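Heads up, the thing below is written out as structure tokens.
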Amino acid sequence: MMNVYQNILKAKEKGEQLFAVLIDPDKFELKNTGGFIEKVNNSIATHIFVGGSVVDADATEALVHKVKKFTNLPIVLFPGDVTQITNSANALLFLSLLSGRNADYLIGKHVEAVSKLRETTLEVIPTGYILIDGGVKTAVSRVTQTEAISRENLQTIVDTVKAGQLLGMQLMYLEAGSGASYPISKEIIERVKKEAKIPLIVGGGIKTKTQLEDAFAAGADLVVVGTAFEEDESFFDKL
């Protein structure tokens, strides 16, 4: 059985850089799956993340089932809601929105999810999720009714990461949000990296190869790109 978390840990220990392509079921047409995943398979991608802030019922299940026909890469759920849980995937990021103070997204949704998770064989990975201002009002903020942490409030970001680690999170995800005007800065990643002993995921606002390389150079263990591929699939060639 594939152990997604252990593989991430091993990659971190070896200094290997991991890259995930994020597919939002609400923005992706199933008829394009074969061609798109062929590009993913031929790219630097090591993981496929599936999820979105607002997704129609059963859309995630249909997408994951289709994607599995074309790839052997691990498929990891990045859910915005309990309805996006499907046993067809390999793993689930059990996200706790540490940057917000909405109890539903700190623990409420998790309790709601347990009844579904009992019936799955998904690998569940506790993940601290920190939304950082990316210059636009994101779907995450609207859905969760929380505000992103200001990029200027660096100490709060670092302390939130440390608190999440002390609470037992196994991964830490720094997110600028889908369609962000700019990605998480190198300074933020570097400062967080000094505090975090757990693997660090960085996503949101990455639209160029240089921005991707900057995230890795600053200390990201896994970088996630979604919107750039939605807007222009030739981004695969640039990588």
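The values are calculated or read from the model by the stated rules, or taken from the named source; none is laboratory data. Since the model is a prediction, treat every value here as computed from it, not as a measurement. Here the Cβ is made from the backbone with ideal geometry for all residues, glycine too, and neighbour counts use every protein chain on show. All accessible areas refer to the heavy atoms of the entire protein, side chains included, with ligands and DNA or RNA removed. Shrake-Rupley method; radii C 1.70, N 1.55, O 1.52, S 1.80 Å.
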Paramagnetic reach from residue 154 in region 175-204 [backbone N under 16 Å; point 7 Å along Cα→Cβ]: 184-196
Between region 73-122 and region 184-237, how far is it from one alpha carbon centroid to the other, in angstrom? 22
Based on DSSP H runs of at least 4 residues, each adding -39500 (n - 2.57), what is the mean residue ellipticity at 222 nm of the chain after dividing by all its residues, to the nearest 500 deg cm²/dmol? -10000 deg cm²/dmol
If exposed GluC sites (Glu not before Pro) are those in a DSSP loop with at most 14 other Cβ within 10 Å, what is the longest stretch of the chain that has none? 30-118
Counting only heavy atoms of the protein chains, get the accessible area per residue of region 4-230 (1.4 Å probe) and round it to a whole Å² value. 44
Past the 21 Å Cα-Cα mark, which pairs from 39/209; 31/66; 39/193; 207/238; 68/197; 12/66? 39/193; 68/197; 12/66
Between rounded, prolate and oblate, where does the chain land on the alpha carbon gyration tensor, with a ≥ b ≥ c its root eigenvalues, rounded for a/c under 1.5, else prolate if a/b exceeds b/c? rounded
Carbon and sulfur atoms account, in whole percent of the 1.4 Å probe accessible area of the chain, for 48
In whole Å, what is the distance between the alpha-carbon centres of region 135-154 and region 1-62? 24
Counting other Cβ atoms within 10 Å, which trypsin sites (Lys or Arg not before Pro) in region 111-153 have at most 13 and lie in a DSSP loop? 118, 137
Selected from 128, 148, 164, residue furthest toward positive end of dipole (region 81-232; charges at beta carbon): 164
Total charge dipole magnitude, region 4-230, about the Cα centre, Cβ charges on Lys, Arg, Asp, Glu only, Debye to nearest 20: 360
